[in-house]
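J.: Below: one structure in structure tokens.
What follows draws every value from the coordinates through simple rules; no lab data is involved. Values in this document were obtained by computation on a predicted structure and should not be read as measured data. All Cβ positions, even for glycine, are placed from backbone atoms using ideal geometry, and neighbour counts span all protein chains on display.
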Amino acid sequence: MTKDGRHTLGLAPMEGVSELPFRLWMAQVSAPAFSSTPFLRATDTYPAQLPLDFAAEVTRAWDVGYQLVPQVMASEPKDFVRTAQLLLPAADFVDLNCGCPSPNPVSGGAGSSLLKVPAHFLGFAERLADSLPAQSFSIKMRTGFDDAALFDELTSGLRPLPLRQLTVHGRTRRDRYDGRSRWDLIQRAAEQLPCPVVGSGDILSAASFHEIAAAAPSVSRFIVGRGALRNPWVFMELRNQEPVVIRRSLLQKVVASFALLTELGMDHQIDKLEPLVKKGLWQNSAGNSGQAWAALYEELSTAYAGKIVAFKDLEVDRITLGRVKMVWNYLRSSLPDVYFEPLLLRSKSLGELLTGLTRLDPGDEAFTIQNRPEWDWLFTSTRQKPGATPAEA
Ligand SMILES: Cc1cc2nc3c(=O)[nH]c(=O)nc-3n(C[C@H](O)[C@H](O)[C@H](O)COP(=O)(O)O)c2cc1C
């Protein structure tokens with residue numbers, strides 16, 4: 001919730017990113033009010049049972065301080081319904097993915113391909129409404145498949161249905177992540193529909209949010225995707241309407257904690273993670289408090305290794321190290337220039353990466369974490385290095 005109490009902010013579903021460890025980490029970093037899982041692809045045989053870590057917050061009744069929005073992708077209503085029934089009533093509601101642009105789901109009749117023909121899309125939604133309790137499903141969509149010409153027809157047809165909410169990413173499937181999100185269309189849907197409309201696209205900072213919220217005054221719920229990867233403190237910045245100040249020693253604990261959560265979030269370790277959640281460690285977010293991160297790191301390290309491990313000795317699985325590097329790669333785009341050190345991404349161990357941060361910034365002075373537009377090539381098709389002119393990009 002923002003300071004004025006008018007806006008509720010959540011973490012967007014992101015395949016390969018917004019899994020359990022990332023959600024738990026984001027809750028500690030900047031506490032979104034709700035968080036979405038990436039889509040789970042349901043077929044007529046899968047999943048027979050829910051994967052352990054898919055929606056642990058609700059299936060294990062964890063009190064984590066955010067509402068979980070589990071998302072399911074399906075090309076047949078019955079497959080969505082069957083999977084939703086595994087999640088309900090533990091989850092408040094289950095979200096249908098009608099936005100994924102990837103060729104695989106699209107050729108299989110799922111994701112954004114559901115938007116091609118309004119009668120098919122609305123028939124699908126009606127089947128869900130007939131089979132599930134009122135308010136127990138929601139939809140996340142793009143503005144269209146090839147273009148936004150059918151957007152009004154797609155959304156107005158949803159009006160009579162008992163939808164929990166409709167999330168709109170203001171781009172078409174063809175746009176992928178190019179151009180700008182159409183907040184004018186999101187606003188129009190919010191004016192027309194009785195259910196809450198959640199807006200998505202291009203929220204990166206307090207400044208960008210200010211502009212977007214002004215362009216979509218009927219929207220009160222928003223999700224942030226790539227902006228949370230670039231700046232994980234984005235929800236704190238949006239709530240307080242000012243950039244967050246951190247320092248290197250805190251950053252090390254934050255990165256180390258992400259690594260340990262990634263380890264502890266794996267199926268075979270999840271029983272070590274559960275007592276920490278049950279102990280109430282997710283009742284408060286660590287935010288930018290060095291002390292709170294030190295305490296959290298100690299808890300995570302003890303759960304993982306039986307003792308508090310010094311950063312230089314911290315060892316994790318190769319896959320975990322890869323995920324840490326992915327998160328670091330985006331995060332560094334919001335940090336001072338000294339952190340943009342390509343060699344760090346070649347670190348052979350987590351210890352090497354973490355101690356490398358001391359080498360880059362030995363003074364440990366405070367700095368603001370801030371999205372830098374020159375880095376906005378992330379997840380767009382136009383890659384641009386900082387300082388490069390568009391012609392070089
Ligand atoms: C890496 C990545 C994975 C995504 N995965 C999903 C997904 O699983 N389900 C979904 O509905 N949207 C997915 N999206 C779309 C986002 O939820 C969001 O609508 C979009 O990125 C625009 O918001 P942003 O500008 O804040 O990133 C994904 C986006 C990215 C960048």
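J.: Run the simple label-point estimate for residue 52 and residue 295 please: 7 Å along Cα→C-beta, distance reported in nm.
T.: Simple spin-label model gives 2.9 nm for this pair.
J.: Moving on. Classify the stretch 8-242 as rounded, prolate or oblate, taking a ≥ b ≥ c as the square roots of the eigenvalues of its Cα gyration tensor: rounded when a/c is under 1.5, otherwise prolate if a/b is larger than b/c and oblate if not.
T.: Values: a/c = 1.56, a/b = 1.09, b/c = 1.43.
It is oblate, given that a/c is not under 1.5 and a/b is not larger than b/c.
J.: Another question about this same structure. In nm, to one decimal, how far is the modelled label at residue 102 from the one at residue 368, with both set 7 Å along Cα→Cβ?
T.: Rounded to a tenth, the inter-label distance reads 3.7 nm.
J.: Say the cut-off is 19 Å between C-alpha atoms; which of 3/278; 253/307; 272/307; 3/279; 312/348; 253/325 go over it?
T.: Values: 3/278 29 Å; 253/307 15 Å; 272/307 13 Å; 3/279 29 Å; 312/348 12 Å; 253/325 15 Å.
Checking Cα-Cα distances, 3/278; 3/279 exceed 19 Å.
J.: Here's another thing I want to ask about it. Between the stretch 139-169 and the stretch 320-381, what's the alpha-carbon centroid distance in Å?
T.: Answer, in whole Å: 38.
J.: Got a sec? How would 116, 312 order by Cβ neighbour count within 10 Å, fewest to most? Show your work: numbers first, answer last.
T.: On the way: 116 15, 312 12.
Ranking 116, 312 by Cβ neighbours within 10 Å, fewest first, gives 312, 116.
J.: Measuring from label point to label point, each 7 Å out along Cα→Cβ, what is the residue 78 to residue 359 span in nm?
T.: 5.9
J.: When the Cα centres of the stretch 90-105 and the stretch 209-282 are compared, how far apart do they sit, in Å?
T.: Rounded to whole Å, the Cα centres lie 22 Å apart.
J.: Considering only the other residues whose Cβ falls under 12 Å of the Cβ of residue 290, what net charge follows from Lys and Arg at +1 and Asp and Glu at -1? Walk me through the numbers on the way to the answer.
T.: Details: positive: 247, 248, 253; negative: 364.
Around residue 290, the charge tally is +2.
J.: Apply the Debye scattering formula to the chain, with a single equal point scatterer on each alpha-carbon and no solvent, then give log10 I(q)/I(0) at q = 0.09, 0.10, 0.11, 0.12 Å⁻¹.
T.: Computed log10 I(q)/I(0) values: -0.53, -0.66, -0.80, -0.95.
J.: Once you have the Cα-Cα distance between residue 284 and residue 302, take 0.36 nm times their residue separation minus that, and quote the gain in nm to one decimal. The partial results should precede the final answer.
T.: Numbers: separation 18, 0.36 × 18 = 6.48 nm, distance 1.96 nm.
Going from the current span to full extension adds 4.5 nm.
J.: Follow-up. Name the shape class, rounded, prolate or oblate, that the alpha-carbon gyration tensor gives for the stretch 245-373, where a ≥ b ≥ c are the square roots of its eigenvalues, rounded holds for a/c under 1.5, and otherwise prolate holds if a/b is larger than b/c and oblate otherwise.
T.: Details: a/c = 1.83, a/b = 1.40, b/c = 1.31.
Judged from the Cα gyration tensor, the stretch 245-373 comes out prolate (a/c at least 1.5, a/b above b/c).
J.: Can you spot the lysines whose alpha carbon is less than 24 Å from residue 116's alpha carbon? Ignore those fewer than 8 places along the same chain.
T.: Residue 116 reaches 78, 140.
J.: Listing 311, 209 from the residue with the fewest other Cβ atoms within 10 Å to the one with the most, what is the order?
T.: On the way: 311 19, 209 22.
Taking fewest neighbouring Cβ atoms as first place, the list is 311, 209.
J.: Taking 45 Å as R0, compute the FRET efficiency from the Cβ-Cβ separation of residue 274 and residue 345 and round it to 0.05.
T.: Rounded to the nearest 0.05, the efficiency is 0.90.
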